[in-house]
Amino acid sequence: MIEILEARKGQIFEKGTEGTFDMACDKVSVAGSVSQRACVFCGSRVVLYPIADALHLIHGPVGCAAYTWDIRGSLSSGPELHRLSFSTDLREEEVIYGGEKKLYAALTELIGAYHPKAAFVYATCIIGLIGDDIQAVCRKVSDEQGIDVIPVHSEGFRGTKKDGYKAACEALFRLIGTDEQSIAAPHSINILGDFNLAGETWIIKEYYKQMGVEVVSCMTGDGRVDEIRRAHKAAMNVVQCSGSMTYLAKMMEKDYGIPFERVSYFGIEDTADALYKVARHFNDPAILKNTEELVRKEVSRIYPEVEAYRKYLEGKKAAIYVGGSFKAFSLVKALRHLGIATAIVGSQTGNREDYEYLEEICDEGTIIVDDTNPLELSRFMSERNVDLLIGGVKERPIAYKMGIAFCDHNHERKEALAGFEGMINFCREVHGSIMSPVWQFSPAKCLRAQKEEMEDANSIRQAAHS
Amino acid sequence: MQTQSVKLHTVKKTAPSFVSTRNACKLCAPLGASLVFRGIEGCVPLIHGSQGCATYIRRYVISHFKEPIDIASSNFSEATAIFGGADNLRIALDNLTRQYRPAAIGIASTCLSETIGDDVRSYIEQYKAANKGVEIPALIYASTPSYRGTHMDGYHEAVRATVISLAAGGPRSRRLNIVPGFLSAADLRHIKEILDDFHFSYTMLPDYSETLDGESWSDYQKLSPGGTPVASIRSMGQSVATIQLGGSLASMDTAASYLQETFGVKAVTLGIPIGIGETDRFFGALEEMSGRAMPDKYKKERGRLVDAYIDGHKVVSGKRAVIYGEADFVASMASFLDEIGIVPALCATGASIKKFKEIVSSGLSEGHKDIIIRDDADFEDMLEICRSIGVDIIIGNSKGYYLAKNLSIPLVRAGFPIHDRIGGQRILHVGYAGTQQLFDRIVNALIEHKQSSSAIGYSYI
Ligand code: SF4
Ligand code: SF4
């Protein structure tokens, strides 16, 4: 039996069995755990990475940069500077005597060679210890080269991934408002928190275009420095993946008076909701009409296909373990469309509010976890005999070893899952994995099936006796 | 044979060298250490530092092996970075022991813990003292700051640390130790098969052939089964000899050199057996140590390989390749290419190794004038050099796809990591059998390239 550590018990909850819901989230991971979380740097990198015409220089020893080289599927319609991995690759001498000189030289040569529109300098763990004044170096290079060189304080140990999101938002905020010339339409928005994984930003932008809403900038999917500079001209911020970008939206609300809405583009309902929220915000009859038409057209286009998949998937059970909790909400709903019940759901970085909402929308008996680990996850998955896990790269082999189907829902995915057509891709992927004939050979799957059969037989026998 | 070093022609007009590393061709040290620890039975790796390092390393390794690999972290926070990691380490050891009931815990330090000067060795002593009378897992500690070395250094440091903490002396046995180096799971299985066929009893350290390439399970395993048993590691001090694969290791402090100095176990350094030359040397050493002739099975494999070399030689003859990766891997690969008539035009490693030129060129035949051998290289350097010297084929890990895409030439995937294909852990590189597979794949890649870049569509080639 896999034991749950005492220190972890406050982060696991079963709906309907344990009295009042009180998730002890927002905690640092227990020492010695195999958490699925990464670090502050990871949070910053996730948010800023899709800015395709900026230089992203990772200041520190080589690991942090090597492991993040081109790992995400954030697409660009133009420059692809973001897909290269730049590191100051600090060596022992620099760790002892400081890395400022090397940082200066690296920035200067890279800006000279690649002509980026701006540069981000990520401080990783070591920088926080050796005390490099990266602010000063950035200022100096910025003056000399005439582009923005922005330090991102993302030392891994200084908090969690969420603090990294914050640092990234602060970096973006420094760019916002630096272009006063351009103008934007009255019905214009910024898309916040979409990273154009597998081209998702393009799908969503197309919807807004059809609605008659101008997109000033997307932060940061298919991102461009110049778009970010004029983001303050937009009339509204539409925030998806709220975990990462709400902070920026709040700053923009405060300083520029731009209101924001939180949305999600996963699943039929949430996508439609998102578009309607924007349409209602502008309260323009033409936009409203366009939106209605768009939603009607798209839903009637995809509905038959979703229904066809539902026939196969009805009654299956799923586990969800993703980075942000907003994604989890949408997934619970999207699975419901397919007749799949969510037996286990969790996230790496949800906050109290998020978990309360999650509790509200989940069925009785659903296990809700914060910052789980492979051992716990595997235990819950076999207890609940789930048919599907939705998660990331690190969760995939856990599912497979246990004979459980898997859907990739992470930053490396290559299939667009957002919007209406994303829903179809999602259905295809889930169906393709759950219905695959290969599971017939999985020992774990067979064992669970046998067990279930026996339990069924037992209950029939018991019923007959009584 | 081919031992004299070649005269190296220095190409003047290749890429200026950059201060920064652009698309690194190396990984960090705790990654290598973690792999070693997962190659020990019942051992869980613990990376002493902040969470990101462990998570990124896990993700990177999982994407290659496609297996669950638990790597724990002591989860440094801001306070830990100021006051030191003693408490975190203690709590981590307690928690891991309770959750995994491991036979051993392999601790690898990070840049962070090293920079704050965390004295892990003394923490371990304190931990042992505090747990007197209680059975605790064997504790192994490898110092692996990445500003000092790459994943390969981390690998060898971890093997050495394991042997230092566990191996004991005693009456001399007839066993052999083998430290295979950073090879694929299929390679490890093949080497074991060869040793079995020579009737050796042996300890292979590490052995992740099962742990990182296992079967489908019937029940969730906390730690995937397989790996070198701790008990056999303990007896490594009694063996007759340690074979370590990797030419560069001869002059380094390694597990083998430690066992030789401390217990008189003879250290034998051989190149990674890729290509007929290196594999002949490997089998030669085994024949000598066992007093047995090469089993027929391998004679036949060798014979078929020679036959295949001849069948395919015209396709490869005079072609120019770029190869990269860990120094010893590149050295063996270069000598293999050389023996089939491919010019290893650019041999690169991301590590800073002064002797890299010497290591690589010692395996090459004479007469090469235009080979570039570069240490401390990254993929941008390589791309620029390739553009200026012209190459036909790329052989190495999947990160070379970047070169392949930019140069529109084929990439034959070998080594670690393979992130864009299935089965990286099953690529066989070593022995006559592994060389056979590499040779076939190289020839076929060149043929395929010719076929797909011709409008005619030859169906017989
Ligand atoms: S280079 Fe150092 S700090 Fe960076 S991931 Fe590797 S061990 Fe961690
Ligand atoms: S924890 Fe620190 S060193 Fe490790 S990956 Fe994150 S920033 Fe880099």
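The values are calculated or read from the model by the stated rules, or taken from the named source; none is laboratory data. A quick note: this is a predicted structure, and the numbers were derived from the prediction, not measured. Note that we place each Cβ from the backbone using ideal geometry, even for glycine, and neighbour counts take in every protein chain shown.
Here are the numbers:
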| item | result |
| --- | --- |
| Matching option when the condition is more than 12 Å from chain B (Cβ to nearest Cβ) and within 16 Å of ligand 1 (Cβ to nearest atom), among A:Ala118, A:Ala171, A:Ala123, A:Ala184 | A:Ala123 |
| Subset of the stretch A:177-195 (residues that are at pLDDT 95 or above and buried (at least 24 other Cβ atoms within 10 Å of the Cβ)) | A:Ile189, A:Asn190, A:Ile191, A:Leu192 |
| B:Val330 being in the same structural domain as B:Glu448 (by TED's automatic domain parsing), touching a residue at least 12 places away in the same chain (Cβ under 8 Å) and out of contact with any His (no Cβ under 7 Å at 6 or more places or on another chain) | yes |
| A:Ile424 being more than 12 Å from every other protein chain (Cβ to nearest Cβ), closer than 25 Å to A:Ile204 by Cβ and not hydroxyl-bearing (Ser, Thr, Tyr) | yes |
| Enumeration of residues in the stretch A:355-372 that are under 20 Å from the mean Cα position of the chain (by Cα) and buried (at least 22 other Cβ atoms within 10 Å of the Cβ) | A:Tyr355, A:Leu358, A:Ile368, A:Val369, A:Asp370, A:Asp371, A:Thr372 |
| The stretch B:59-86, residues that are within 23 Å of B:Lys128 (Cβ to Cβ) and more than 8 Å from chain A (Cβ to nearest Cβ) | B:Phe83, B:Gly84, B:Gly85, B:Ala86 |
| Failed item in (1) more than 14 Å from every other protein chain (Cβ to nearest Cβ); (2) of a type outside the set (Phe, Trp, Tyr); (3) in contact with a Pro (Cβ under 8 Å, 6 or more places away or on another chain), with B:Gly424 passing the rest | (1) |
| Output for the stretch B:145-170, where each listed residue is within 14 Å of chain A (Cβ to nearest Cβ) and in a helix (DSSP H, G or I) | B:His151, B:Met152, B:Asp153, B:Gly154 |
| Count of residues meeting criterion [modelled with pLDDT under 90 and in contact with a Cys (Cβ under 9 Å, 6 or more places away or on another chain)] in the stretch B:1-34 | 0 |
| Residues of the stretch B:93-114 that turn out to be within 16 Å of ligand 1 (Cβ to nearest atom), more than 9 Å from chain A (Cβ to nearest Cβ) and in contact with a Cys (Cβ under 6 Å, 6 or more places away or on another chain), as a count | 1 |
| Positions within the stretch B:428-443 being touching a strand residue (DSSP E or B) at 6+ places or on another chain (Cβ under 9 Å) and either among the small types (Gly, Ala, Ser) or surrounded by fewer than 18 Cβ atoms within 10 Å (Cβ to Cβ) (or both), in sequence order | B:Arg441 |
| Matching entry among A:Leu90, A:Leu81, A:Leu103 (being more than 24 Å from B:Gly49 (Cβ to Cβ), crowded, with 19+ Cβ neighbours inside 10 Å and either hydrophobic (A, V, I, L, M, F, W, C) or within 14 Å of ligand 1 (Cβ to nearest atom) (or both)) | A:Leu81 |
| A:Ala113 being surrounded by fewer than 21 Cβ atoms within 10 Å (Cβ to Cβ) and either small (Gly, Ala, Ser) or in contact with a Cys (Cβ under 9 Å, 6 or more places away or on another chain) (or both) | yes |
| Hey, B:Ala241 surrounded by fewer than 18 Cβ atoms within 10 Å (Cβ to Cβ) and out of contact with any helix residue (DSSP H, G or I) (no Cβ under 6 Å at 6 or more places or on another chain) or not | no |
| Residue ID - surrounded by the most Cβ atoms within 10 Å (Cβ to Cβ), chosen from residues in the stretch A:51-78 that are under 16 Å from B:Cys53 (Cβ atoms) and without any contact (Cβ under 8 Å) to a residue 40 or more places away in the chain | A:Gly63 |
| Of the criteria (1) over 23 Å from A:Gly43 (Cβ atoms); (2) within 18 Å of the chain's Cα centre (by Cα), which one A:Leu197 fails | (1) |
| Tally, over the stretch A:59-80, of residues that are touching a helix residue (DSSP H, G or I) at 6+ places or on another chain (Cβ under 6 Å) and more than 9 Å from chain B (Cβ to nearest Cβ) | 1 |
| Residue match in the stretch A:396-404 (condition: surrounded by 20 or more Cβ atoms within 10 Å (Cβ to Cβ), of a type in the set (Gly, Ala, Ser) and on the phi < 0 side of the Ramachandran plot) | yes |
| Top-ranked residue in the stretch B:42-62 [being closer than 20 Å to B:Thr211 by Cα and among the small types (Gly, Ala, Ser); ranked as surrounded by the fewest Cβ atoms within 10 Å (Cβ to Cβ)] | B:Gly42 |
| Long-range neighbours under 6 Å by Cβ, at least six apart or interchain, first residue on the phi > 0 side of the Ramachandran plot within the stretch A:327-343, second surrounded by fewer than 24 Cβ atoms within 10 Å (Cβ to Cβ) and of a type outside the set (Lys, Arg) | A:Gly339/A:Leu313; A:Gly339/A:Glu314 |
| Selection count where residues are aliphatic (A, V, I, L, M) and surrounded by fewer than 24 Cβ atoms within 10 Å (Cβ to Cβ), scope the stretch A:377-395 | 1 |
| The stretch A:111-125 - residue that is in contact (Cβ under 8 Å) with a residue 40 or more places away in the chain and aliphatic (A, V, I, L, M) and, of those, nearest to ligand 2 (Cβ to nearest atom) | A:Ala123 |
| Elements of type helices (runs of 4 or more DSSP H) in the stretch B:334-428, at least 1 residues being in contact with a Phe, Trp or Tyr (Cβ under 7 Å, 6 or more places away or on another chain) and within 23 Å of A:Val62 (Cα to Cα) | B:379-389, B:401-407 |
| For B:Arg374: the one exception among (1) in contact with a Leu (Cβ under 9 Å, 6 or more places away or on another chain); (2) surrounded by fewer than 22 Cβ atoms within 10 Å (Cβ to Cβ); (3) without any contact (Cβ under 8 Å) to a residue 60 or more places away in the chain | (2) |
| Any hit, the stretch B:402-422, residues being in contact (Cβ under 8 Å) with a residue 12 or more places away in the chain, small (Gly, Ala, Ser), over 20 Å from B:Thr279 (Cα atoms) and touching a helix residue (DSSP H, G or I) at 6+ places or on another chain (Cβ under 9 Å) | no |
| Qualifying residue in the stretch A:134-142 (condition: in contact with a Gly (Cβ under 8 Å, 6 or more places away or on another chain), more than 16 Å from ligand 1 (Cβ to nearest atom) and of a type outside the set (Asp, Glu)) | no |
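So that you can scan it fast, the table gives a plain yes or no per residue for (1) outside any helix (DSSP H, G or I); (2) under 21 Å from A:Lys162 (Cα atoms); (3) over 20 Å from the mean Cα position of the chain (by Cα):
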{"site": "A:Lys289", "(1), (2), (3)": "no, no, yes"}
{"site": "A:Glu293", "(1), (2), (3)": "no, no, yes"}
{"site": "A:Lys297", "(1), (2), (3)": "no, no, yes"}
{"site": "A:Tyr309", "(1), (2), (3)": "no, no, yes"}
{"site": "A:Tyr312", "(1), (2), (3)": "no, no, yes"}
{"site": "A:Ala319", "(1), (2), (3)": "yes, no, no"}
{"site": "A:Ala343", "(1), (2), (3)": "yes, no, yes"}
{"site": "A:Glu353", "(1), (2), (3)": "no, yes, no"}
{"site": "A:Phe380", "(1), (2), (3)": "no, no, yes"}
